[in-house]
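Note sheet for the following structure.
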Amino acid sequence: MSLLSRKCRSFKRRHRLLRRTAASPISLVWWGSFEGGGGATVGDLHAVENLSAALRRAGHDHQVLSHPALGIVDHCQVRDLFDVRREIETLVFVCGPIVQTDELVDLLAVHRKARKLAVGVSVISRHRQMAARFEAVLARDGLSRQSFDLAISRSLPCAVPEPGKRLKAGLCLRGDQRDYGDGMTEWAKAERLLLQLAETFGLDTEPIDTVLRPGNEATKIEQQFETVDLVLTTRLHGSLYGLSKGKPVIAIDQIKGTGKVKPILNRIGWPLAYSIEEANEALLAGQMRQVLIEWPIEMVTSSQATILDLSSKARADAVALIDGR
């Protein structure tokens, strides 16, 4: 799309004469609110739903705005987010990275009188100006004061696979991450290392795509994490969901200098997370041997407890921020 076309679309969104859709004074938006579902993931969905549940428990009436393409019946279905009237008093952006897109910039501009908050998000250095458009940000990473991810609210016990079983690894791969800038993502190297690891140890593999779309709903994605024995991933939520389902995880942070995966997994005490600079075939193979020799039940259980504790605190902090405390 040409620059002129983008500017025309932006002008029409900002200066629409008639906006027909009513909204709650407290409205939660997420990438799943935008056109076509915005590439939202199961982690984004559970983050916004966990926050919504916490707000309900605290007695705050609100709405979660979602695009009908995702088919989430409990949410307020909004086909065009820019059809929402300017009556929102507190606009809360939940989960995912804060990146400078025309749609997000225009949304904040349309609701210029609302308090604009962001919770459970990643702040990327090259998009700090976008983060500065919010009055307050509770970030899971990217700021000196860190909150945590909001997606995980429960866990399943870790169990040792049956002796002699051919193990199945969930492959939860992110692909390129252009949000971090050109040349910052070594996704091809990371994926090659994980695929080679599975092949070296004779693992069956099951691709797990966490992006929501018709036929790839949240229940299916969660079930995939539950039915594999371990998870090989370049995704943050691939790591957190794997651990929450009681599965050992080997994760590679594919962003040069690390993005969010390794720093957040370090915070929960999960040791099998590697930067793209340190990851290599010998290192990963050695760690896989250790996992197979002694299934890391205690490590998984300890990390689960930390995830649940930090997630609970992050939700409480988000509710307090929305409440104005």
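Highest mean first, how do 282-288, 1-7 rank when packing is the count of other Cβ atoms within 10 Å averaged over residues?
Ranked by mean Cβ neighbours within 10 Å, highest first: 282-288, 1-7.
Size of the dipole of the chain about the Cα centre, Lys and Arg at +1 and Asp and Glu at -1 on the beta carbon, nothing else charged, in debye to 20?
1460 debye
Would you mind telling me which residue in HIS15, HIS62, HIS46 has the biggest mean-square fluctuation in a Gaussian network model of the chain, where springs connect alpha carbons within a distance under 10 angstrom?
HIS15
Separation between the LYS12 and THR301 pseudo-spin-labels, each 7 Å from Cα along Cα→Cβ, expressed in nm?
5.9 nm
For the chain, please report how many Lys pairs fall under 24 Å Cα to Cα, leaving out neighbours fewer than 8 apart on the same chain.
Taking the Cα cut-off of 24 Å, the pair count is 28.
Accessible area per residue for the chain in Å², computed with a 1.4 Å probe and the full protein assembly in place, what is it?
46 Å²
If one takes the longest principal axis of the Cα atoms in the chain, at what angle in degrees, from 0 to 90 and to the nearest 10, does the Cα axis of helix 187-200 lie?
30 degrees
Can you compute the modelled spin-label distance between ASP309 and GLU278, with each label point 7 Å from Cα toward Cβ, in nm?
2.3 nm
When the helices in the chain are scored as -39500 (n - 2.57) per DSSP H run of 4 or longer and the sum is shared across all residues, what 222 nm value do you end up with, to the nearest 500 deg cm²/dmol?
Calculated mean residue ellipticity at 222 nm is -11500 deg cm²/dmol.
Please report how far the C-alpha centroid of the stretch 152-199 lies from that of the stretch 236-255, rounded to the nearest whole angstrom.
Using only Cα atoms, the two centres lie 7 Å from each other.
Decide, for the chain, between rounded, prolate and oblate: order the square roots of the alpha carbon gyration tensor eigenvalues as a ≥ b ≥ c, take rounded if a/c falls under 1.5, and otherwise choose prolate if a/b is larger than b/c, else oblate.
prolate
Given points 7 Å out from each Cα along the Cα-Cβ axis, report the ARG154 to LYS113 separation in nanometres with one decimal.
For the pair ARG154/LYS113, the computed spacing is 4.2 nm.
How many percent of the accessible area of the stretch 168-231 is carbon or sulfur, using a 1.4 Å probe?
It is 48 percent, rounded to a whole number.
How do 246-259, 118-131, 198-211 rank on mean C-beta neighbours within 10 Å, highest first?
Highest mean packing first, the order is 246-259, 118-131, 198-211.
By the scheme Lys and Arg +1, Asp and Glu -1, what is the net charge of all other residues having a beta-carbon under 13 Å from that of ILE252?
Result for the neighbourhood of ILE252: +1.
The values are calculated or read from the model by the stated rules, or taken from the named source; none is laboratory data. The structure presented is a predicted model; accordingly, all values stated were derived computationally and were not measured. No Cβ is skipped: glycine too gets one built from the backbone with ideal geometry, and neighbour counts run over all protein chains shown. SASA here: full protein model, heavy atoms, side chains in, ligands and nucleic acids out. Shrake-Rupley method; radii C 1.70, N 1.55, O 1.52, S 1.80 Å.
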